[in-house]
Structures are given as C-alpha cells and as structure tokens.
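The values are calculated or read from the model by the stated rules, or taken from the named source; none is laboratory data. Nothing here was measured: the structure is a model prediction, and the numbers come from that model. Here the Cβ positions follow ideal geometry from the backbone for every residue, glycine too, while neighbour counts run over all protein chains shown. Just the protein is used for accessible areas: all its heavy atoms, side chains included, with ligands, DNA and RNA removed. Shrake-Rupley method; radii C 1.70, N 1.55, O 1.52, S 1.80 Å.
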Amino acid sequence: MSDMRLKLVGKRRLTDRIAEFRFVPVEGDPCAWQPGAHMRVTLPDGGDRAYSLIHFGAVPEVPEEYRIAVQLEEESTGGSRFMHGLEEGDEVTAGQPKCDFPVTPGSAAVLLAGGIGITPMISMAAALKATGTQVDLHYAVRSRPLMAYGEELAEHLGEALQVHCDDDETALDLDALIGDLGERHLYICGPRGLIDAARAKAEAAGVPSDRVHVELFDNASAGGAGDEAFEVEIASTGEIVQIPADKTIIEALEAAGHDLIYDCQRGDCGICQTDVLEGVPDHRDVVLSEEERASGKIMQICVSRAKTPRLKLDL
C-alpha cells in the first residue's frame, strides 16, 4: 500500500517530555485501523519510526484523525527530536496503519504498560471494554508527573486502571500481577527491562507462551557501545558477509543484495526468525523463550548479534 501524506492539525504537551500529535490526510479520510496498530513516520534522513495510534473508545470505521504521542529521548538519533520539532500545518509522510500487536477478541486480559508504552494499550483497553471483555490496565511510571493521559485513562477505565509509581507505595509488584493473572492473556509494552522481567516471571509461573504478547518500545536495533563486527555465512551459497559494529544483520545482508523478510526491526514480531547452523547468537529480542535462547538454534536477525566471530545461518 502506498504511503500517506499527512498534515499536523494539533499538537499539545502531555508531560515535560511527551507531546501528542494529531494528523489528517492531505487528501481523503483516515483509514480504519485495529487497536494496537501503529504507523511508521518517515524521517528526513530516509529512515522511519513506528508510533502507536491512540483512540479512547472503539475505533470508528472512518476515524477523524490519526493521533500519536511521542516521548523526546535525551539521546535521540533523530526520530523523537524531529517529531517534537513539528508545528501545526507541517506535513509528514507515513506508512499505512499496521497492527503487529492485536488483542485476542473476547479473551480477558491484563495489560501492562511501562512509560510511553501506554500508547498502544489505550485503544486495546478501550476495544476490550467496548465488547464487555474483562480488562485490567497496569500503568507503570517513575512518578506521577511523568504520566501521559492519566486523567483520560481514569475517566474511561475507572477501577480497571491501576497506576504504579516507582517513588511511592504503588510501585509495580510483578510477582503479585503474574500471580493474579489466572487464565487471562498478558500484554506487555514498554522498555526492554520491563518486558524481560515480566516474561521471565510468566514463564517461571507456567503461563503458556501463547497467552503472553509483547511490543518493545526501545530502538533495539541500535548498536551498543561494546558491539563488535562479526561475519555471517549464508548456508545456501557459502557467501561470507561482514556485519559492521554499527549495522544489523538485516542491514548488512540487504546491502550485499539479499532480499529478506522482516517487519518490526525491534525484535518483537518474530517475522525475521532464522535458524542458526553454527556459532553462538547474542539474543536481543523479546520474542524467544529462555529455553529457545539457550538452545542457540534460532535468532531474530533484525536485532540480535553474535558471541562468536562467525554465524552460519540457514539462508
């Protein structure tokens, strides 16, 4: 589907670092989208960033606008800084809405959001509530002044909303949350630390993996300070491709002319999963279970790297 040209018609500050943006198409009406969906906004350098779409209440078949919220990151590489620099009347290019983080219709759910990870949870909670499905939303933040949409969430969700602040007695208790999960589905969105901790506790508690759903709100593909170059061997041809310290496997393979299947590039959708035939992967995804990681036989090549000088991949 073709990209959209959007005009910014509303901008407001939600916290010191989070701003809300409301866009409408330059031509035509906004198209329908699923709760939990996102759209990818194109950046000046040609890259893009995914931002979750927000709607309080059931998403209409013909929405009036696209609403997102963006947190300004102190070490932004361009995405959040570009967005926060926009003014009403400015235009951007964005991909059509896409949903990699859907809710299971009719299944009771616990939604766990960390920080700006609240954004996809708003429409998800609203959709479940609109169908009479049991839903509880746990919103974890460092302190109340850092909350986005606190009043709106309380108004729409009432007792189904539980806020957890690190600096008071409401701080998140993951053991209690997982222990009270029962047969409900668990949806987690936020920083890697929260996702890893919640998934580990759910796995230890015997919660089936098909009832745990995650979306990562970190740029997991960004290289770390200690990353080193390594090699990837393509099993089908024997070709050796160098993976620089500042590039992902996907980026390097595409530059070498390989056509790959992938989507999120954050390590949370599982589409780029690849079999590892030789070598030890350095897992950085939020998809694989601890058992799968320990096996070393599969990896998400959009974010994960290598602990050995070479990986032989089933490509």
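To the nearest 10 degrees, how steep is helix 192-204 against the longest Cα principal axis of the chain, on a 0 to 90 scale?
80
Highest first, please rank the peptides 109-115, 155-161 by the mean number of other Cβ atoms sitting within 10 Å of their residues. Walk me through the numbers before you get to the answer.
Numbers: 109-115: 24.0, 155-161: 14.1.
Ranking, from highest mean packing down: 109-115, 155-161.
Please identify the trypsin sites (Lys or Arg not before Pro) of the stretch 118-198 that satisfy two criteria: DSSP loop assignment and at most 15 other Cβ atoms within 10 Å. Which are they?
Details: sites: Lys129, Arg142, Arg184, Arg192; in loops: Arg142, Arg184.
Counting only loop positions with at most 15 other Cβ atoms within 10 Å, the trypsin sites (Lys or Arg not before Pro) in the stretch 118-198 are Arg142.
List the relative contact order of the chain as a percent without decimals, with contacts defined as Cα pairs under 8 Å and 6+ residues apart. Walk me through the intermediate numbers first.
Working: 662 pairs, mean separation 41.4, N = 315.
Relative contact order comes out at 13 percent.
Starting from 0.36 nm per residue, how many nanometres of slack lie between Ala130 and Ala32 once their C-alpha separation is accounted for? Walk me through the numbers on the way to the answer.
Working: separation 98, 0.36 × 98 = 35.28 nm, distance 1.68 nm.
Extending this stretch completely gives an extra 33.6 nm.
Please state the shape class of the stretch 29-90: rounded when a/c is under 1.5, otherwise prolate if a/b exceeds b/c and oblate if not, all from the C-alpha gyration tensor. Let's see the in-between values first.
Values: a/c = 2.14, a/b = 1.96, b/c = 1.09.
Cα axes put the stretch 29-90 in the prolate bin.
In debye, nearest 20: dipole of the chain around its Cα centre with unit charges on the Cβ of K, R (+) and D, E (-)? Write out the running numbers ahead of the final one.
Details: 29 positive and 55 negative charges, 37 e Å.
The dipole of the chain has a size of about 180 debye.
Among the DSSP beta bridges whose two residues both lie in the chain, what percent are antiparallel, rounded to the nearest 5? Don't skip to the answer; put the middle values down first.
Working: 35 of 60 bridges.
Rounded to the nearest five, the antiparallel share is 60 percent.
Let me make sure I get this right: for the chain, a, b and c are the square roots of the gyration tensor eigenvalues over alpha carbons, sorted descending. Under 1.5 in a/c it's rounded, otherwise prolate if a/b > b/c, else oblate. Which is it? Before the final figure, lay out the partial values.
Details: a/c = 1.82, a/b = 1.27, b/c = 1.44.
Judged from the Cα gyration tensor, the chain comes out oblate (a/c at least 1.5, b/c at or above a/b).
I need to check one value: relative contact order of the stretch 119-204, counting alpha carbon pairs closer than 8 Å and at least 6 residues apart, in percent.
Values: 64 pairs, mean separation 20.9, N = 86.
Relative contact order here is 24 percent.
Along the charge dipole of the chain, pointing to its positive end and built from +1/-1 on Cβ of Lys, Arg, Asp and Glu, which listed residue (Ile54, Pro30, Ile240) has its Cα farthest out?
Going by the charge dipole, the pick is Pro30.
Compute the helix-to-body angle for 118-130: its Cα long axis versus the longest principal axis of the chain, expressed 0 to 90° and rounded to tens.
60
So which of Lys98/Lys307; Lys247/Lys297; Lys98/Lys247; Lys7/Lys129; Lys7/Lys98 end up more than 27 Å apart by C-alpha? Don't skip to the answer; put the middle values down first.
On the way: Lys98/Lys307 33 Å; Lys247/Lys297 22 Å; Lys98/Lys247 25 Å; Lys7/Lys129 31 Å; Lys7/Lys98 19 Å.
Check vs 27 Å cut-off fails for Lys98/Lys307; Lys7/Lys129.
From the square roots a ≥ b ≥ c of the eigenvalues of the alpha-carbon gyration tensor of the stretch 91-228, which class results: rounded (a/c under 1.5), prolate (a/b over b/c), or oblate? It would help to have the intermediate numbers written out before the result.
Numbers: a/c = 1.23, a/b = 1.13, b/c = 1.09.
Rounded.
So if we plug the beta-carbon distance of Asp166 and Ser2 into 1/(1 + (r/R0)^6) with R0 = 45 Å, what FRET efficiency do we get, rounded to 0.05?
Values: r = 43 Å, r/R0 = 0.96.
Efficiency, rounded to the nearest 0.05: 0.55.
Counting only heavy atoms of the protein chains, get the accessible area per residue of the chain (1.4 Å probe) and round it to a whole Å² value. If you can, show how the numbers build up before the last one.
On the way: 14930 Å² over 315 residues.
So the chain comes to 47 Å² accessible per residue, rounded to a whole number.
May I ask for the distance between the Cα centers of the stretch 194-210 and the stretch 131-175, given as a whole number of Å?
When both Cα centres are located, 20 Å separates them.
Output the peptides 277-284, 253-260 sorted from most to least packed, where packing is the average of other Cβ atoms within 10 Å over each peptide's residues.
Result, highest mean Cβ count within 10 Å first: 277-284, 253-260.
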